1. Could you tell me the ratio Rg/Rh of segment 28-87? Both radii from Cα atoms, Rh via Kirkwood.
2. In percent, what relative contact order does segment 28-87 have, based on Cα pairs under 8 Å that are 6 or more apart in sequence?
3. Please give the length that would be gained between residue 69 and residue 34 if that part of the chain were fully extended, namely 0.36 nm times their separation in residues minus their C-alpha to C-alpha distance (nm, one decimal).
């Protein structure tokens with residue numbers, strides 16, 4: 001069930017802003033290594049990511065999310081590999 005309240009979203013926004021300020025101070029090499037680590041994690045944990053995405057999509061569908069939005073949210077092995085490649 002999608003239950004994010006305005007306060008939840010504001011809190012997430014504040015956390016993202018804080019993280020962006022930290023990331024802005026990191027060197028390019030550190031940022032690049034982080035991106036490589038993220039891409040590798042997407043590949044090595046593909047089964048877990050796809051399973052969690054499928055569960056999220058089931059909940060979204062139960063909450064009445066449109067099929068067109070669900071199609072964009074649903075990850076496949078090919079989409080996940082593509083995302084990992086784009087992160088690199």
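1. 1.09
2. Once divided by the residue count of segment 28-87, the mean separation gives 52 percent.
3. Stretched fully, the residue 69-residue 34 segment lengthens by 9.7 nm.
FYI, it's all coordinate maths here, none of it is from the lab. In this text, all values refer to a predicted model and were calculated from it rather than measured experimentally.
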